[in-house]
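The block underneath contains the structure these notes are about, expressed in structure tokens.
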Amino acid sequence: MPARSTDSLLQIEESLHSSLKKGHHSASLSDRLISANKRILLQHIEFRPAAATSSAQLEKLKSKYASINPSTSLTDHVKPSKGMSPFNPPSASDLAHDDDLPDPKVVLYPPEKVKLQWPAVRRIGAGLTNLGNTCFLNSVLQCLTYTPPLVNYLSSSEHAHTCKQVGFCMVCELQRHFRRCYENGGQAIKPHAILQKIKLIAKHMHWGRQEDAHEFLRYVIDAMQKSCLNGNTKLDRISKETTVINQIFGGFLRSQVVCLKCKAKSNTYDPFLDISVDVKNVPNIQKAFEKFVQPEQLDLDNAYNCTKCKQKVAAQKRFTIHKPSNVLTIQLKRYGVMGGKVTRHISFPEKLNIRPYMSVSQGAAITYQLYAVLVHMGHSTNSGHYYCYVRSSNQAWYCMNDSMVQQTSQGRVLNSEAYMLFYIRCDAAANHEQPKVCPFHV
């Protein structure tokens, strides 16, 4: 250590010795410091009532500062202050009274920009040629091609102007695919561009091998989500769920555990992009949802470790839909872990109200309208044949079976053996006017 530094330390020590007059002179410097700190900490402090109320002081402090990161909490949107404009979902009745779902620090895509309705009537698009066990891919692409908010977003070219992806971008690929489909109505096109990149979408999938359509859809939406994040990997978990893909397909589930001893509640919130429901021993999709939200008993070896009781106790665990999505994608779990398939018909409605399955089950209806059904024929998800039904912008139903495109009835759609159902929220639709005819612009 330099000599100057040593001299400085000695001077500081001498100053401290001289300032600490009380106590034994033989005590070390550290002992004297401890004794002095004790005297300060043990001093009696008197508190006087504030001259102004805390709320008045808070308002006075607020007037000195400008907010650079205003709150984006769900309740703020429900009850906007003067000058603010609310967005469509969710309403106050959509959310639980004891809502503690964290707010995003950043909103990547404002939810009010999502357009749920077709702005115009588009003619039915092209069929897709089967290029060798690619019916799973064709069916998924057709369901996405007739998802109004996704098509509306890609028609605006907004993503093309902001995309920062180097190389493969799932959103850009779908944008080009949608344009080809709508420009070649009445024909069949080959989805070569997407099929050639299947390894970039899902590494374990192979061209020429039948794959599970639901699994492929999950990878496609995950790839779109990655594209929309544009490398923003340092965002908090909730902010990552505010991309345009999440605003279209995403919602939140609540897992609530209630201690049966002290009645304490513990809530966990998880994002979802689709919901898988068990269809064993149920006649329809409504009963499957009732089964989905049915409480599960936690006891014996599966007992709940209650933080309030400080011990393992019996509890109830229950899943509910906490924040509804704009597009509700439902997978019917027809296949068991040990094999076998539920082959019987599971009925589903043209309009579905999910209010009974929400965290707050009382209130205004949360209604969805069916717009696509994906069907699987066969005994295994990795064999057999996939095709789908889609509702076009003129509200007519079409069967999309690879290269074949044929208009069909709603009755035939509702009697199909669905593997996946696609619903779009319709209770808060702003404009029910008949749309005008216009082409697909990219």
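Here is how the numbers come out for the structure above:
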quantity	calculated
Positions within region 232-280 being among the acidic types (Asp, Glu) and over 14 Å from the mean Cα position of the chain (by Cα), in sequence order	ASP278
Which numbered condition SER359 misses (of (1) more than 25 Å from the chain's Cα centre (by Cα); (2) surrounded by 13 or more Cβ atoms within 10 Å (Cβ to Cβ))	(1)
From ILE238, ILE194, ILE198, ILE189, residue being touching an Asp or Glu at 6+ places or on another chain (Cβ under 8 Å) and farther than 25 Å from ASP100 by Cα	ILE194
Residue, nearest to PHE289 (Cα to Cα), within region 362-400, restricted to residues that are of a type outside the set (A, V, I, L, M, F, W, C) and without any contact (Cβ under 8 Å) to a residue 40 or more places away in the chain	GLN362
Some residue of region 98-110 being under 24 Å from ASN394 (Cα atoms), of a type in the set (D, E, K, R), within 23 Å of the chain's Cα centre (by Cα) and modelled with pLDDT of 50 or more	no
Flag if GLN331 is out of contact with any helix residue (DSSP H, G or I) (no Cβ under 8 Å at 6 or more places or on another chain), touching a residue at least 40 places away in the same chain (Cβ under 8 Å) and polar (S, T, N, Q)	no
Residue within region 238-251 that is of a type in the set (D, E, K, R), in contact with a strand residue (DSSP E or B) (Cβ under 6 Å, 6 or more places away or on another chain) and closer than 26 Å to SER325 by Cα present	yes
Those residues of region 289-324 which are among the aliphatic types (A, V, I, L, M) and more than 27 Å from ASP103 (Cα to Cα), in sequence order	LEU298, LEU300, ALA303, VAL313, ALA314, ALA315
Filter result (of a type outside the set (Ser, Thr, Tyr) and modelled with pLDDT of 90 or more) within region 140-167	VAL140, LEU141, GLN142, CYS143, LEU144, PRO148, PRO149, LEU150, VAL151, ASN152, LEU154
From the options THR408, THR367, residue that is modelled with pLDDT of 95 or more, surrounded by fewer than 20 Cβ atoms within 10 Å (Cβ to Cβ) and under 29 Å from GLN210 (Cα atoms)	THR408
Matching residues in region 265-314 - criterion: being part of a helix (DSSP H, G or I), free of Cβ contacts under 8 Å to residues at least 24 places away in the same chain and surrounded by 13 or more Cβ atoms within 10 Å (Cβ to Cβ)	LYS287, LYS291
Some residue of region 117-136 being aromatic (Phe, Trp, Tyr) and under 23 Å from the mean Cα position of the chain (by Cα)	yes
Index of the failed condition, ARG254 passing every other in (1) within 30 Å of LEU108 (Cα to Cα); (2) in contact with a Pro (Cβ under 9 Å, 6 or more places away or on another chain); (3) of a type in the set (D, E, K, R)	(2)
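The values are calculated or read from the model by the stated rules, or taken from the named source; none is laboratory data. What you see is a predicted model; the values in this text were computed from it and never measured. Every residue, glycine among them, receives a Cβ derived from its backbone with ideal geometry; neighbour counts consider all protein chains shown.
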